[in-house]
Every structure is written in C-alpha cells, then in structure tokens.
Amino acid sequence: MLSTRVLRLLQIAPILASQVIYALPYHCRYGEPCWPAASIWQQFNASIDGQLVAVLPPAAPCHAPNYNDAACSTARSNWVNSFWRADQLGAYETPYWERGLNGTCFIGTPVDQPCDQGLVPVLAASANNADHVQKSVQFAKRHRLSVVVKNTGHDYLGRSTGAGSFMIWTHKLKGIEFSDAFTPSNAPRRYSAKPAVTVHAGEQWIDVYKAAHDKGVVVVGGAARSVGAAGGWALGGGHSPLGHKYGMGVDNIVQITLVTPDGKYRIANEYANKELFWGLRGGGGSAWGVILTVTYKTHPALNNVLAGLFLFNASTTEHAFNFTTTAFAALPSVVDKGFSGYLFLFGTSFGFAVLQPDSKADPNNTRDFTLANNDLAPLLNYSTTHPGSGEVAILWTKHTSYWDWFNNTIGDVSIGENTWIGGRLVTRDAFINRPDQLADLFRLGGSINVVAGGAVSKVDPDSVALNPAWRNGALASANVGYGAWPDSANATEILWRQQQTTALSERLGDIIGPGAGAYFNEADPNEPNWKEVFWGKSHYSRLLRLKRSIDPPNLFTCNRCVGSDL
C-alpha cells in the first residue's frame, strides 16, 4: 500500500510533465513525461514489500504543508547529530547538499516560509535485503531513472543527492560477521584462509569497531563514528588512523558483493570479477552499482596504544608561521616513528592529535612518555628555543585497546554545517623542502590528515584503482577551504567561497608539484582537473574502460565520478 505522500507525488507528476518540453534523457527525473505512471510505481512497491517511501528534506516538518510540531522539535534538537542525520532518508552530513545553491528549506526560518525539495530525491526504495536492491536497480534501468545510492549521507561531494531522482537507500542493510578463516569465492584450494569481517552496507564504523573489539581484533576503518563502513569510504580509498601500520582501507578489502548496473548480484575478489574488484578498490562510490557487503582483513588486537594532543598557541601571526614551518619540516620524521594523526590550524593556534597504535613505551608505566616526547622534540622544544613565541602543551594518554582510544577520542565534525572543502595529498618532499610555502598557504587555516607513509607507501600503486600518488611519497591528505557559511548567506557569497576553495586547492597542488593528487572522498566538488587529480591519468583510463564495460548506459552517475561526463 502506497503512503498518502507517495500517492500525492505520483498524482502531481503528470501535471509537472505537461509544463516541460519533452526530451527523452537517459536519466529520467520526477516531473518529466518519462517518469513512470502511478500504477507502475504501485507494482514496483508491491515487489519490494511496500518499501517505496516519499523523501522529504529534514527541515520539512518545520514548514507548511508538512508542518508537524513534534517532528520539527526533533529535527531542531538533532540538527547537528550525525546519527540522527544518517537515519533520515532526506538528510545529509552537509545541508548544502539538501538545498543546493538556491534551495529554500531551512531549519530556522518561519513555518510559512517556502520549503522546496532542493537536491533531495523524491522517492526511495528503503531496501531491507539484497532482493530489494536488485529489483530497485532493475526498475531504475528499465525506466531510465536518475538513480542515486545513499547510506548515511556522509559525502563532501554530494554524490548521493539528485533533484528529481530515485534513491536506493541501503542504511537498513545491517550485519557484521566475523570469520577466523575466510576464503574468497572461487579461490583456489591452495588459498590460505585468513581472519576477516564481512560488513553489510548499512553499518557504521562505531559499531564495527565495537564488534571487532569484542571479537579481540582490529579492522582498518575511518576516523569518524557515524561514517558508513561499507560504501563510499571504502570505495574511495579509505584513509585511516591505522593506515601507517596496515595500509589504506582498500588494501584490506578481500571481497565485495554488489548489485551491478544490469541488476545482477555479483561477487568481486581476486578470483572472481577481478577487474571489477580492482576498480571498486579506489574507483569511488556511486559509479559501479550498489554495494551489499565488504569483507575486510582483521588484525590482532592492539593493547598498547599511545595518543597525544599537542597544542601551540603563538603570540603573533609571524611566530605562528615560523612554528608551522618548523612543524611541517619535522613531520616526516614523526611519521617515520610510527605516528599518524590529525592536524588543525586556526589563526595563531596549531593542534596535532597524534596516535601511535603499537607503542614501544612501557605499557605498565602510564606516566612515562620519554620516548614520545623525544619523537616530538622539534615541536615540544620550539617555545624554549624561541622565547616569547607562544605556549606549548601536550597531553599523553595510554590505552589498552584501539577501541578505548577511538571511543574516548573520536567524534564527528562539521555535521549540519554548510561545509565546502578542497585539498591535495601532501608529499614527504613538500614537507621537507617547501615547508614555508605550505605554512604560508595554511595561514588561512585548514586541516591535515597525517594518515599515509608506512604501510600505505609499500603497496604496489597499480594493485588497486586508488590514485598512485598515495604510494609515491604522500604522507598526508590536506583539506583547505573558507569555512562553513551560515544559512543566511546568499548565492554570491556561497559561489565566492566555492571558487576560492578551488583556487586554494590548485595553489596547494602547485606547491606539491607535478602529479599532485587528492583524496577522492575529501576533495573539491568543483575540482576542474578531477580525472587526473582523483585517480591519475593511467588509472582513470583503465577505470573508464571498466565503466563502459559494466555500465554501458551509464545508469550510475554522480558528481565527478568515473564516466560522469559521458
């Protein structure tokens, strides 16, 4: 049985269609003459057990004609709650991707102010199982629909949004299954089975990490609680606090199951659909079909995890610049000592949250941090060697498990804010030889994810589709931008911020030098040279051939995804 809102949408669609000039696009959108009739949608709804749902922007309950006092109160109180947003069909980490440049559905405006659909898809298949996903893909293909795939909506590039689109929502596909001896499908008899965990598409990292801890293992995952563990993070490469020790997320994937654009269920690994498996590992989400499960290697539990929070508050902007230059030049040596971390720059403040997941410090002495202080000596000693430059502080903590560190340290950032970032991968060469140029660029602020080097750099660059720049000297993924803007910002101001972010990204690329890449999941949504910057020339060419073979009609497309300009 279709809901009242779904029926109303389907009744309005023919009226909207009569107001547009007919043209048969491949990606048919709501309101166009090609949009399926209500009776067709009813048949489809019955085939997926009544899981067809009308999608509303998250602020819709605060505006007529959908006003609901209780729902509006819930939305306002949870506006920056990442888990609440992940549970809403029409909500995204960044509200800009709900509204776009000219949308009108704001959480803080009066009830009688307009609330349009914006970029939020109009209908969704809320899939409960693989059969629902298969039937949804087949339906979208049959009717040439504009289709998007969404789990949590954590996406800086807006790849799970689409005005007038049909959504396949995978958030309810739950399951975390451990194996002490996992063997990929079609593997030869001589294959040595390995410990692994199979994660279903709707799972989030907080739950996977807790389950791994309870099992007595660790898994390479993201540094965010509510990010999906088997979707865009994985397919985009997946940088991690554990990357220096165990490699990128894609280096730890042993099998993926998915529904491909032809509507078929497929298994991809080193022995089945090998080329597809190559492309899925770094080729980016939303281009290859709908992921059902990802199976990752697991690793022995970590029981001596060292974490530190370093802070430097400079007395002047010039001291801030000089310290940042010194810190950047020292960063490669810090990474070589087994540290990863997250670096933040705001005005004259410099913060660096560091992690050594397999510390050499005495686990029984919770107050002895001599080795760690020596490792960070260039940073810690700066104010002593430069009197009056600023104040230094560091707080060290030891943890008996990776889960204990994660659960007590990591949160979700920039949730419910209009965030727009760009960036580049920063190489060892740039940190050592051009730290002053990097420090000058970061006078405006920014963040640097120190998540590479070590095991990341030791993997064959061509073994997965990930940009080879990750293997060729990259130590970090830097994010730049002009900060979040308020809902009151007009289109001119928003466009200015977006354009300046692109300019900053390109300037950062110039400092790094030829071949500078970017992390696909944290990149400029308007990146002009996206094919080379996201994947490198050789990998993009191979990915494009794969895309044309697996998705000839280009059913799955998104912002700056492989083949999106075909």
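Worth pointing out:
- Neighbour net charge for Leu441 - beta-carbon separation under 15 angstrom, K R +1, D E -1: -1
- ³J(HN,Hα), Karplus 6.51/-1.76/1.60, whole Hz, each residue of the stretch 452-469, x for Gly, Pro: 10, x, x, 4, 4, 7, 9, 8, 4, x, 9, 6, 9, 7, 3, 3, x, 4
- Here the sum of -39500 (n - 2.57) over DSSP H runs of 4 or more residues, divided by the residues of the chain, equals -9000 deg cm²/dmol at 222 nm, to the nearest 500.
- Helix 38-47 vs. the chain, principal-axis angle (Cα, 0 to 90°, nearest 10): 60 degrees
- Cross-link partners of Lys172 among aspartates and glutamates, defined as those whose alpha carbon lies under 12 angstrom from its own and excluding same-chain residues fewer than eight positions apart: Asp87, Glu203.
- For Gln255, nonlocal amide neighbours, meaning residues 5 or more places apart or on other chains whose placed amide H falls under 5 Å from its own, are Thr295.
- The stretch 80-150 versus the stretch 492-566: alpha-carbon centroid distance in Å: 23 Å
- Potential lengthening of the chain between Asp358 and Lys174 amounts to 63.2 nm, from the contour at 0.36 nm per residue minus the alpha-carbon distance.
- Within straight-line cross-link reach of Lys194, lysines at Cα separation under 17 Å, skipping those fewer than 8 residues along the same chain: Lys215, Lys297
- The stretch 405-465: Rg to Rh, with Rh as the Kirkwood radius over Cα pairs: 1.03
- Accessible surface area normalised per residue over the stretch 199-318 is 26 Å², counting heavy atoms of protein chains with a 1.4 Å rolling probe.
- Exceeding the 19 Å Cα-Cα cut-off - candidates Lys337/Lys458; Lys141/Lys174; Lys135/Lys264: Lys141/Lys174
- Isotropically averaged projected area of the stretch 187-313, using the convex hull of Cα atoms (one quarter of hull area), nm²: 9.6 nm²
- Built amide H within the under 5 Å cut-off of Gly390, gap 5+: Ser315
- Rounded tilt (10° steps) of 205-215 against the dominant C-alpha axis of the chain: 70 degrees
- Cβ-based charge dipole, the chain, positive-most Cα from Tyr30, Leu311, Asn273: Asn273
- Radius of gyration (Cα atoms) of the stretch 262-354, expressed as a multiple of 2.2 N^0.38 Å: 1.74.
- Calculated from the alpha-carbon coordinates, the stretch 164-259 shows an Rg and a Dmax of 14.0, 50 Å respectively.
- Cα-Cα separations in the chain greater than 44 Å, expressed as whole percent: 17 percent
- Scaled against the 2.2 N^0.38 Å expected of a compact globular protein of N residues, the Cα radius of gyration of the stretch 467-566 reads 1.22.
- Once the Cβ-Cβ distance of Asp112 and Leu444 is raised to the sixth power relative to R0 = 45 Å, the FRET efficiency obtained is 0.70.
- The 3J(HN,Hα) values that the Karplus relation (6.51, -1.76, 1.60; θ = phi - 60°) gives for the stretch 134-147 are, in residue order, 4, 5, 5, 5, 4, 5, 4, 5, 4, 9, 6, 7, 6, 10 Hz. Gly and Pro appear as x.
- Derived scalar couplings ³J(HN,Hα) [the stretch 29-35; Karplus, 6.51 cos²θ - 1.76 cosθ + 1.60; whole Hz; x for Gly, Pro]: 10, 4, x, 8, x, 6, 5
- Radius ratio Rg over Rh of the stretch 506-547, counting only Cα atoms, Kirkwood formula for Rh: 0.99
- Annotation: amide H of Glu93 within the under-5 Å range of His154, Asp155, sequence separation 5 or more or interchain, hydrogens built in the peptide plane.
- Whole-number percent relative contact order across the chain, with pairs defined as alpha carbons under 8 Å at least 6 apart: 14 percent
- Charge dipole (the stretch 166-288, unit charges on Cβ, about Cα centre) - positive-most of Gly282, Gly202, Tyr246: Tyr246
The values are calculated or read from the model by the stated rules, or taken from the named source; none is laboratory data. Being a predicted model, the structure only gives us computed values, none of them experimental. Note that we place each Cβ from the backbone using ideal geometry, even for glycine, and neighbour counts take in every protein chain shown. In case anyone asks, the SASA skips ligands and DNA or RNA and just uses the protein heavy atoms, side chains included. Shrake-Rupley method; radii C 1.70, N 1.55, O 1.52, S 1.80 Å.
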